[in-house]
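A.B. asks: First, the structure itself, so that you have it in front of you.
The values are calculated or read from the model by the stated rules, or taken from the named source; none is laboratory data. A quick note: this is a predicted structure, and the numbers were derived from the prediction, not measured. Don't worry about glycine lacking a Cβ; one is built from the backbone with ideal geometry, like all the others, and counts go over all protein chains shown. Side chains are part of the model used for accessible areas, which takes the heavy atoms of the whole protein and leaves out ligands, DNA and RNA. Shrake-Rupley method; radii C 1.70, N 1.55, O 1.52, S 1.80 Å.
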Amino acid sequence: MTRLKFLGTRANTDATSPYHSKHSGLLLNEKILFDLGEEEFLQHEPEVIFITHLHPDHAVFIVEDIEVEVPIYAPEESDDIEVRIMPDHVDFETCTISSIPTIHSKLVESRAYLIEGDHRILYTGDMVWIEKKYHSAFGELDLVITDGSFIRQGGRVMGDKQGNIWGHKGIPDLVEFFRPCAAHIVFTHLGKWFYGNASESRRKVKSLSREVTIDLAYDGMVLDLR
Ligand SMILES: [Zn+2]
Ligand SMILES: [Zn+2]
């Protein structure tokens, strides 16, 4: 069995609701934490932490002086805390966690994490896209957990003359992107669009379900995969 606990599901937006007040954090099997958007997530006593990228809503130590006593893997060094540069993969107990480069920010490096244990799960963090050369690593995924920042097609993508892009893809784009390889997609990191009328927002996302189950996460949501 694989147990996933969504500790925080709010994007970097002021909008909050009681079910979406905390920034990114995903706890796997009570031991492995992906993203540390809030210091309080340390109360769960994770044994290892993987950070998708050094933005404060995923890595609170950038903006708050905190102490972390377990290994933190991140895509790049941090001036604020000691991290280990994420290698190709890390084995932890019966899981292998592999890093896949994502396109998200002009200024920071970003990685998705492929978790292979009893199930195959991809946690992307924020993303515009993943380069084609990495797609073969996906295989068949039991679950994708990805970026719910924008509901509109296209999301919010910026670029320069050299063809570099950064920002966030929209939820409809990510559904299309992951549909061929995923049985189930959960959107977390919910942006401003979500908070006005949450049940209408859920309906909008659910309407994109075709051949794939789509859900929206909330703070404290537990997902048991069997
Ligand atoms: Zn973010
Ligand atoms: Zn970000």
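A.B. asks: Near the amide H of Val48, under 5 Å away, which other amide H atoms are found, from residues 5 or more places off or on another chain, if H is placed in the peptide plane?
C.D. replies: Counting only residues 5 or more places away or on other chains, the set is Leu33.
A.B. asks: I would also like to ask the following. What are the extents of the Cα atoms of region 1-105 along their three principal axes, in Å, largest first?
C.D. replies: Here the spans come out as 37, 36, 29 Å, largest first.
A.B. asks: Counting only residues 5 or more places away or on other chains, whose amide H sits under 5 Å from the amide H of Val186 once H atoms are built in the peptide plane?
C.D. replies: Hits under the 5 Å cutoff: Val144, Ile145, Thr146, Asp215.
A.B. asks: A further question follows. Where is the GNM fluctuation largest for the chain (alpha-carbon springs, 10 angstrom cutoff): Met127, Met86, Met158?
C.D. replies: Answer for the Gaussian network model of the chain: Met158.
A.B. asks: Most mobile of Gly154, Gly25, Gly170 per a Gaussian network model of the chain (Cα springs, under 10 Å)?
C.D. replies: Largest GNM mean-square fluctuation: Gly154.
A.B. asks: Also, quick follow-up: Taking the Cα of Glu82, stepping 7 Å toward and past its beta carbon, and measuring to each backbone N in region 54-74: which are under 18 Å?
C.D. replies: Answer for region 54-74: 61-62, 65-74.
A.B. asks: For the residue pair Leu107 and Asn197, what label-to-label distance in nm results when each label sits 7 Å from Cα along the Cα-to-beta-carbon direction?
C.D. replies: For Leu107 paired with Asn197, the spin-label model returns 3.6 nm.
A.B. asks: Continuing with the same structure: For the chain, state what percent of all Cα-Cα pairs lands in each successive 5 Å bin, counting from 0 Å until the bin that includes the largest distance.
C.D. replies: 1, 7, 16, 21, 22, 18, 11, 4, 1, 0
A.B. asks: At 1.4 Å probe size, with every protein chain present, just tell me what the per residue accessible area of region 2-219 comes to in Å².
C.D. replies: 47
A.B. asks: Which length gain, in nm to one decimal place, applies between Lys204 and Asp14 when the Cα-Cα distance is subtracted from 0.36 nm times their residue separation?
C.D. replies: Length gained, Lys204 through Asp14: 66.2 nm.
A.B. asks: Residue by residue through region 135-149, what is 3J(HN,Hα) from phi via Karplus (6.51 cos²θ - 1.76 cosθ + 1.60, θ = phi - 60°)? Round to whole Hz and write x for glycine and proline.
C.D. replies: Computed from phi, the couplings for region 135-149 are 5, 5, 6, 5, x, 9, 9, 6, 7, 10, 10, 9, 7, x, 4 Hz.
A.B. asks: Apply the a/c threshold of 1.5 to the C-alpha gyration tensor of region 1-42 and tell me whether it is rounded, prolate or oblate.
C.D. replies: Note, shape of region 1-42 comes out prolate.
A.B. asks: Next question, about the same structure. Quick check: the distance between the Cα centres of region 58-103 and region 197-226, to the nearest angstrom?
C.D. replies: 28
A.B. asks: With the chain treated as a Gaussian network of Cα nodes joined by springs under 10 Å, which of Ala11, Ala198, Ala59 yields the largest mean-square fluctuation?
C.D. replies: Ala198
A.B. asks: A further question on this structure: Run through region 143-198 and list the trypsin sites (Lys or Arg not before Pro) located in a DSSP loop whose Cβ has at most 13 other Cβ atoms within 10 Å.
C.D. replies: Sparse-neighbourhood loop trypsin sites (Lys or Arg not before Pro): Arg152, Lys161.
A.B. asks: Val222 to Asn164: FRET efficiency via 1/(1 + (r/R0)^6), r the Cβ-Cβ distance, R0 35 Å, to the nearest 0.05?
C.D. replies: Efficiency for this residue pair is about 0.35.
A.B. asks: In whole Hz, what ³J(HN,Hα) sequence does region 65-73 give by Karplus (6.51, -1.76, 1.60; θ = phi - 60°), x for Gly and Pro?
C.D. replies: 7, 10, 10, 10, 9, 10, x, 10, 9
A.B. asks: Distance in nm between label sites at Glu64 and Thr96, each 7 Å beyond Cα in the beta-carbon direction?
C.D. replies: Taking the simple label geometry, Glu64 and Thr96 are separated by 3.6 nm.
A.B. asks: Which shape class, rounded, prolate or oblate, goes with region 68-196 when its Cα gyration tensor gives a ≥ b ≥ c as root eigenvalues, a/c under 1.5 marks rounded, and past that a/b bigger than b/c marks prolate?
C.D. replies: On the way: a/c = 1.59, a/b = 1.20, b/c = 1.33.
It comes out oblate by the Cα gyration axes.
A.B. asks: Right, something else. Per the helix-only calculation at 222 nm, which mean residue ellipticity applies to the chain, given -39500 (n - 2.57) for every DSSP H run of n ≥ 4 and division by its residues, nearest 500 deg cm²/dmol?
C.D. replies: After summing the helix terms and dividing by residue count, I get -2000 deg cm²/dmol.
A.B. asks: Another question about this same structure. In the chain, once you exclude exposed GluC sites (Glu not before Pro) (DSSP loop, at most 15 other Cβ within 10 angstrom), what's the longest stretch remaining?
C.D. replies: 141-210
A.B. asks: Would you mind checking which residues have amide H under 5 Å from Met221's amide H? H placed 1.01 Å from N; only 5 or more apart, or other chain.
C.D. replies: The answer is Phe6.
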